[in-house]
Amino acid sequence: HIGLVTTASTTYNEPYHVARKFASLDLISHGRAGWNVVTSWSEAEAQNFNRTHHVDYATRYERAREFVDVVKGLWDSWDADAFPYDKASGQFYDESKMHVLNHQGTYFSVRGPLNVAPAPQRHPVIVQAGASPEGRELAAATADVVYCLHDSVEAARAYYVDVKGRMAKYGRAPDDLKILPGLRPTIGRTTEEAYAKFGGLQALLHPLVGLSALY
């Protein structure tokens, strides 16, 4: 009964590949697959994918929005009863229940349909970590779940109101998106032991690594 969410970048993948991978996972796991939508961020990653420079911030999120729309469209390639698997008649699928996407957009041109049968829940769960304004907008428009990290209850409440308030313009109800706060516990037999463990882990963090996380 545990759902498994895997990260796949919209910057260095193609929608058809992502749609097919996650639809296959969802099908064979009986509806337990989820896709964590990210846009990638490092120059080093760009250099591994035939680029000398990383895509600029605004373009990454514009591309991500279209990417998710295409993936969802591909997941809707077939009606739920499109595959009769009728050995007697030799009919594998009902062509009238197939939907060709024919997407022509700014960043992608994808015909479809997806060559995977419909998954139990139609769409794998879409998860997003919306921290920046652009990330929050992407989550409000596309995600089923958004996870976040805040160091106070007040900040968490403000985030909740902000993200939920962005959804109406996309025709979505606030309850269509679940917000999951991130939690990383440090366990000890006593409070003092837990703090000592946490302090030890923090001391191992190289200053330059810490600074890179504050970009």
From the C-alpha coordinates alone, can you work out the Kirkwood hydrodynamic radius of the range 1-71, in Å? 13.0 Å
In Å, the Kirkwood estimate of hydrodynamic radius for the range 65-158 over Cα pairs equals 15.9 Å
Can you give me the % of accessible surface on the chain that is carbon or sulfur? Probe 1.4 Å, all protein chains present, nothing else counted. 58 percent
Of Lys97/Lys164; Lys72/Lys164; Lys21/Lys97, which sit over 31 Å apart, Cα to Cα? Lys97/Lys164
Which order, highest average first, do 115-123, 168-176 follow once you tally other Cβ atoms within 10 Å for each residue and take the mean per peptide? 115-123, 168-176
Sequence gap at least 6, Cα distance under 8 Å: using those rules, report the relative contact order of the chain to the nearest whole percent. 17 percent
The range 83-158 and the range 23-39: distance between their alpha carbon centers, rounded to Å: 9 Å
Using a Gaussian network model of the chain with C-alpha springs under 10 Å, which one of Ser24, Ser42, Ser77 is most mobile by mean-square fluctuation? Ser42
With a 1.4 Å probe and every protein chain left in place, work out the accessible area per residue of the chain in Å², rounded to a whole number. 62 Å²
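The values are calculated or read from the model by the stated rules, or taken from the named source; none is laboratory data. Not measured: the values here are computed from a predicted model. No Cβ is skipped: glycine too gets one built from the backbone with ideal geometry, and neighbour counts run over all protein chains shown. Accessible surface is based on the protein model in full, side chains and every heavy atom, while ligands, DNA and RNA are left aside. Shrake-Rupley method; radii C 1.70, N 1.55, O 1.52, S 1.80 Å.
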